[in-house]
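Novice: Provided herewith is a single structure, encoded as structure tokens, for subsequent inquiry.
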Amino acid sequence: VTGLPYIPGSSVKGVLKSVFPTKEDTKDDINQQKMEYIKSLLKPELSDEEIYDEEIYDLKDNIFEDNDVFLDAYPCLTSKNKTKKTNETKQQCLALEFITPHSDIIKNPIPINCLKVKPGVSFEFGFYLKECQLSDKVQITVKQKIELFKTILTDVGIGAKTNVGFGQLE
């Protein structure tokens with residue numbers, strides 16, 4: 001209604017869930033790569049503990065089926081550069097983007113403009129998370145889940161056109 005760009009919580013959940021392996025395709029190469037990726041992200045957090053495939057499936061169920069809530073992500077509209085007169089500086093988060101489709105070799109292309117979120121605009125993600133006990137030795141804290149989500153969203157990106165540079169997070 002306001003025109004403010006946002007990322008729906010369901011999209012955040014979908015991107016995060018797409019990175020986790022599924023039980024149905026355990027022999028699939030892509031599924032195995034997903035398993036190794038999640039294990040590599042959890043290794044530094046869990047130090048010397050061995051992480052088993054079943055624990056990753058339990059973590060996935062815990063995050064996406066049981067406890068955790070994914071809220072919409074909104075842009076932070078104040079920049080870190082503060083002026084002397086005010087405590088915060090408002091920044092604009094939208095800019096024009098031009099797409100130039102070439103439908104005919106002879107004719108000049110007609111640029112189409114659309115709105116985009118400017119580079120450098122920060123988004124604030126919100127979650128309601130709970131700790132997760134995977135086994136006697138392995139426990140995933142809320143802080144570890146946040147770091148896991150942050151790394152996945154930074155690596156994979158979110159939103160439209162991530163393959164051409166849009167939606168990539170820093």
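Novice: Let me have the 222 nm mean residue ellipticity of the chain computed from DSSP H runs of 4+ only, each contributing -39500 (n - 2.57), with the sum over all residues rounded to the nearest 500.
Specialist: Helix contribution divided over all residues of the chain: -10000 deg cm²/dmol.
Novice: Taking the solvent-accessible surface of protein heavy atoms with a 1.4 Å probe, what is the per residue accessible area of the chain in Å²?
Specialist: So the chain comes to 69 Å² accessible per residue, rounded to a whole number.
Novice: With the chain treated as a Gaussian network of Cα nodes joined by springs under 10 Å, which of THR151, THR26, THR141 yields the largest mean-square fluctuation?
Specialist: THR26
Novice: Most fluctuating residue of PHE98, PHE125, PHE20 in a GNM of the chain with Cα springs under 10 Å: which is it?
Specialist: Comparing PHE98, PHE125, PHE20 in a Gaussian network model of the chain, the most mobile one is PHE98.
Novice: Simple spin-label model, 7 Å along Cα-to-Cβ: LEU4 to ASP136 in nm?
Specialist: Label at LEU4, label at ASP136, 5.0 nm between them.
Novice: What would the Debye formula give as log10 I(q)/I(0) at q = 0.08, 0.12, 0.13, 0.16 Å⁻¹ for the alpha-carbon point model of the chain, no solvent?
Specialist: For the requested q values the scattering log ratios are -0.36, -0.70, -0.79, -1.01.
Novice: First compute the accessible area of the chain with a 1.4 Å probe, then give the percent of it belonging to carbon and sulfur atoms. Mind dumping the intermediate values first?
Specialist: On the way: 6040 of 11730 Å².
In the chain, the share of accessible area belonging to carbon and sulfur is 52 percent.
The values are calculated or read from the model by the stated rules, or taken from the named source; none is laboratory data. Quick caveat: nothing in here was measured; it's all calculated off a predicted structure. As a convention, Cβ positions derive from the backbone with ideal geometry for all residues, glycine included, and neighbour counts pool all protein chains shown. To get the accessible areas, we keep the full protein, side chains included, count just its heavy atoms, and leave off ligands, DNA and RNA. Shrake-Rupley method; radii C 1.70, N 1.55, O 1.52, S 1.80 Å.
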